[in-house]
Amino acid sequence: MKISSRKGFGAQVVCLSFWSILALAQSSDLLQNLAECKAGRDTCDRSRLSQSEAMDVALAVHGRNVVNCRNSYDSCDRSKLTEPETIALAVADHERNVSDCNEGMWSCDRSKLTQLEARDMAAAQQQRNLANCRNGWSTCDRSTLTPAETAEVNIARGQLNASDCADGSGPCDQAKLTPSQTRDAIAAELRRNAQNCVEGWDQCDHSKLTPLQAKQTAYSEHQRNLSACKDGQATCVFAKLSAAEAKALADAEHKRNYTACLKGLGYCDPSRLTLEEARTIHAGD
């Protein structure tokens with residue numbers, strides 16, 4: 001009887017475990033279906049929803065429609081909005097249109113602006129055009145400028161042209177420079193050329209260097225060549241080295257060659273070893 005009881009109890013445990021697993025699987029499946037319905041996916045099976053779940057899904061769908069309407073999506077269904085939501089949407093649409101008009105966007109609908117908003121839009125458009133003219137952009141319409149704005153634009157364009165000439169960047173028109181601006185532009189160009197020469201850049205014109213600048217450039221060129229020779233670069237011109245520099249490089253190369261031959265690492269030219277160095281190497285063999 002004891003054995004039978006244990007067997008019966010074991011069967012009950014197995015049965016309960018099976019139903020627990022089945023219940024968990026069904027619960028997970030229902031939760032997944034609920035998520036699909038809230039997301040508005042085609043895989044949603046509304047018949048499997050409880051009454052409270054159906055209400056939650058309806059709220060989620062409605063909320064998504066409100067967002068779609070606020071974003072002007074094609075999926076917006078205005079007929080499903082409540083009266084407060086419809087009013088809020090109308091207010092948001094109007095404010096967005098006002099903003100679009102003030103920023104000069106193509107989506108602007110001027111017919112929906114009030115008289116005051118239309119005046120504000122015109123003022124914003126005028127300021128935007130003024131900025132375009134001052135910056136020399138192609139979108140500038142000078143015909144809409146007032147005499148005072150035209151004078152302001154001419155001054156700004158003159159300053160911008162002077163800056164372009166001095167910096168060596170942008171469309172410089174030297175014919176429009178004042179005498180002082182011309183002097184500043186020439187001085188800036190000479191400083192820029194001197195810097196290019198010292199740094200070894202291509203935009204260097206040696207003929208425009210002052211004696212001091214030429215001396216500084218020659219020193220920099222010599223140092224770059226010396227560095228190239230020390231590093232074994234192809235740009236090295238040994239003929240431009242001083243006797244002391246050439247000897248120092250030769251001594252360094254001789255030492256490197258001896259070390260390479262001695263350790264068996266690197267390029268070794270035995271023919272350049274002294275007799276003592278050669279005996280030292282052979283003694284270690």
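The values are calculated or read from the model by the stated rules, or taken from the named source; none is laboratory data. Source: prediction; values computed, not measured. Backbone-built Cβ (ideal geometry, glycine too); neighbour counts: all protein chains shown.
Mind checking whether some residue in region 201-218 is at pLDDT below 90 and not acidic (Asp, Glu)?
Of the residues in region 201-218, the ones at pLDDT below 90 are 202-203.
Next, from what is left, pick out any that are not acidic (Asp, Glu): 203.
So far as region 201-218 goes, yes, one or more of its residues are at pLDDT below 90 and not acidic (Asp, Glu).
For region 143-197, give me the residue count where each residue is in a helix (DSSP H, G or I), farther than 20 Å from GLN213 by Cβ and among the small types (Gly, Ala, Ser).
Going through region 143-197, the residues in a helix (DSSP H, G or I) turn out to be 143-144, 147-167, 174-176, 179-197.
Among the residues that remain, those that are also farther than 20 Å from GLN213 by Cβ are: 143-144, 147-165, 174-176, 179-182.
Now narrow it down to the ones that are among the small types (Gly, Ala, Ser): 143, 148, 151, 156, 158, 162-163, 175, 180.
Result for region 143-197: 9.
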Practice prompt. Can you confirm whether region 262-281 contains a residue that is without any contact (Cβ under 8 Å) to a residue 12 or more places away in the chain, under 30 Å from SER169 (Cβ atoms) and not in a helix (DSSP H, G or I)?
Written response: no
Worksheet item: Does region 85-94 contain at least one residue that is closer than 30 Å to CYS140 by Cα, surrounded by 14 or more Cβ atoms within 10 Å (Cβ to Cβ) and in contact with a helix residue (DSSP H, G or I) (Cβ under 6 Å, 6 or more places away or on another chain)?
Response: no
Practice prompt. Scan MET121, MET105 and give me the residue that is over 29 Å from LEU177 (Cβ atoms) and loosely packed, with under 13 Cβ neighbours inside 10 Å.
Written response: MET105
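Residue by residue, here is whether (1) surrounded by 15 or more Cβ atoms within 10 Å (Cβ to Cβ); (2) of a type in the set (S, T, N, Q); (3) touching a residue at least 60 places away in the same chain (Cβ under 8 Å) holds:
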position: SER169; (1), (2), (3): no, yes, no
position: GLN174; (1), (2), (3): no, yes, no
position: ALA187; (1), (2), (3): no, no, no
position: GLN195; (1), (2), (3): no, yes, no
position: CYS204; (1), (2), (3): yes, no, no
Worksheet entry | Residue list for region 26-50, restricted to those being within 30 Å of ALA88 (Cα to Cα) and assigned to a helix (DSSP H, G or I) | LEU34, ALA35, GLU36, CYS37, LYS38
